[in-house]
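**Student:** Quick one: the structure is below, and I'll ask about it shortly.
Read-outs throughout are calculated quantities, based only on the coordinates presented, and are distinct from any laboratory measurement. None of the values given here were measured: they were computed from a predicted structure. Please note: Cβ atoms are built from the backbone with ideal geometry, for glycine as well, and neighbour counts cover all protein chains shown.
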């Protein structure tokens, strides 16, 4: 398959009609299309996919609705149509494939669209019912991912390249379809059908002779049982495939919700914090209300405090006076006792008249001082005042109320911030899909459980079929050994069986040879693309996955994203070289994760990726002034995707002469 021209009409950002020549020469097989992000590179690649397969997928594997691909400006202008026309050559014949959709009003779903499809081969219109089959015969959608891909998908290939896991068999089948293995497998299946038919005819002939009825009945029973098991296996495989598809679809849905789930978990945390914040604010307000209800006097607190402090000071002063008066009275009592007894209270000696005179004089002085200590309160009982005012002081209620008011304000500010963050998440999520997520999780778990049960049942049925087949083969051998057996039919069955075994062995050897060829090509390509001298090659596994090997012969278990991309490109190029069919290689943003050295190697190698290579690049991965010289020898055509004024309108224009 070699692309010659693509015409886009109202597809994605391409308003109106855009005609792009894609013809290349053998010496210069590369078409280079420049475009900044959001200009329309991916839409251009999607137009190819949509024209071929009538469907486009998101990066996560979810299908895009066709009406969402239609140009917004055209829809606003009541042009409810979109079309892509693809001209290509295949096996010496020229094809023109056109897919067109239109609606009588602005579409809101794919049900509003009417499809028109035309395929011309050599100028002759092909039956509409044969279009999809013809495209499938030229380039099946299952293998198109090895020809039409983007840079991000290259990094997803590490699942294939190193640890294929759950998709190993599907990937292997896709690769072997590219390499032509299914044709041999169909021959093996046909030989098995012929062998069984010969054995069945032999069994029917033996039944007609009515000899050895027990042996024939046993063989017929086993044959019927074998056939029934085969039907069961086919049915169970259909169920298994359906469950696997359902599981993958649900897995993709789960992956789509992964970021939303993170947002929703954060939203739940914010809502819980908001609830706690509101409860704390209400509690604080209730405490403030209670304090105010019990503390009606707070407006007079400063007056009460002043009165209390004054009364307390007076009480303290009065207490000091009483203590001083008591002290002086004690001294006066001692003097009076000594004076009356005529004996010194300290040494016990008698007092002289002069000493008595001095004592009398000291006593008089004390009496005068005691008399001067007046403790009568002009404002009533100071202690009573202090007692009455004390309950209204000392608790600093005003300060406490201020603290609680400030705490309420802080909580309000925090609530505003929490609500703002929650609102931002709600704006991102738009709708609350928690119920849908829970439903998907439940369906996914149920699907996995059904798949486990289906796999177990399928394995049991296959084991039963093997046992039945072994018994049937023994019975068929006994029938062939009967004296009146039809030797011709026996020989025919034996020949078909032997041929099938030969084909099965040959298919196995052919697979080994194909893996060897793919490995050899991949090693050669990788050596030209990598900038790391420590890597000596690649090693292929049964699923055509590639393991990088260093100069010590050790497998490299962890590789960078750029290294993964180089290995993936090596595999894709090797498959293209070994494939039994030719197809264009279309790469969208292929150099995004690569360093300068790897980008240079890929550009210099671009002409060897395939017979026709279309690269869709942005300036961050390819600088035209700096890098064009590396790819120029292989360049047939060069285009640039530009805005035409509107934010969602693009055009694709040729760049000078290459």
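**Student:** Please give the FRET efficiency for residue 283 paired with residue 373, using the beta carbon to beta carbon distance and R0 = 60 Å, rounded to the nearest 0.05.
**Tutor:** Using R0 = 60 Å, I get an efficiency of 0.60.
**Student:** I need the calculated FRET efficiency for the pair residue 130 and residue 94, taking r as the beta carbon distance and R₀ as 25 Å, to the nearest 0.05.
**Tutor:** Calculated transfer efficiency: 0.90.
**Student:** Also: Please give the contour-minus-distance gain from residue 423 to residue 4: 0.36 nm per residue of separation, less the Cα-Cα distance, rounded to one decimal in nm. List each step's numbers first, then the result.
**Tutor:** Working: separation 419, 0.36 × 419 = 150.84 nm, distance 5.12 nm.
Full-extension gain reported as 145.7 nm.
**Student:** According to a simple spin-label model (label point 7 Å from Cα along Cα-to-Cβ), what is the distance in nm between residue 72 and residue 655?
**Tutor:** Label at residue 655, label at residue 72, 2.7 nm between them.
**Student:** Evaluate 2.2 N^0.38 Å with N set to the residue count of segment 27-84, then give the Cα radius of gyration divided by it.
**Tutor:** Dividing the Cα Rg of segment 27-84 by 2.2 N^0.38 Å gives 1.32.
**Student:** Moving on. With r as the distance between the Cβ atoms of residue 111 and residue 273 and R0 = 30 Å, compute the FRET efficiency 1/(1 + (r/R0)^6) and round to 0.05.
**Tutor:** With a Förster radius of 30 Å, E is 0.10.
**Student:** If you don't mind, another one. Assuming 0.36 nm per residue, please report the length gained on full extension of the stretch residue 399 to residue 448 beyond their Cα-Cα distance.
**Tutor:** Length difference between fully extended and current span is 11.3 nm.
**Student:** In which sequence would 598, 225 go, from the one with the fewest C-beta neighbours within 10 Å to the one with the most?
**Tutor:** Values: 598 20, 225 17.
In increasing order of surrounding Cβ atoms, one gets 225, 598.
**Student:** In what sequence, highest mean first, do 3-13, 399-409, 260-270 appear when ranked by Cβ atoms within 10 angstrom?
**Tutor:** Highest mean packing first, the order is 3-13, 260-270, 399-409.
**Student:** I've got another one for you. How far apart, in nanometres, would the label points at residue 471 and residue 623 be if each is projected 7 angstrom from Cα along the Cα-to-Cβ direction?
**Tutor:** Output for this residue pair reads 7.6 nm.
**Student:** Could you work out how much longer the chain between residue 436 and residue 79 gets when fully extended? Use 0.36 nm per residue separation minus the Cα distance between them, nm to one decimal. All intermediate terms of the calculation are to be shown ahead of the outcome.
**Tutor:** Working: separation 357, 0.36 × 357 = 128.52 nm, distance 3.56 nm.
Computed gain between residue 436 and residue 79 is 125.0 nm.
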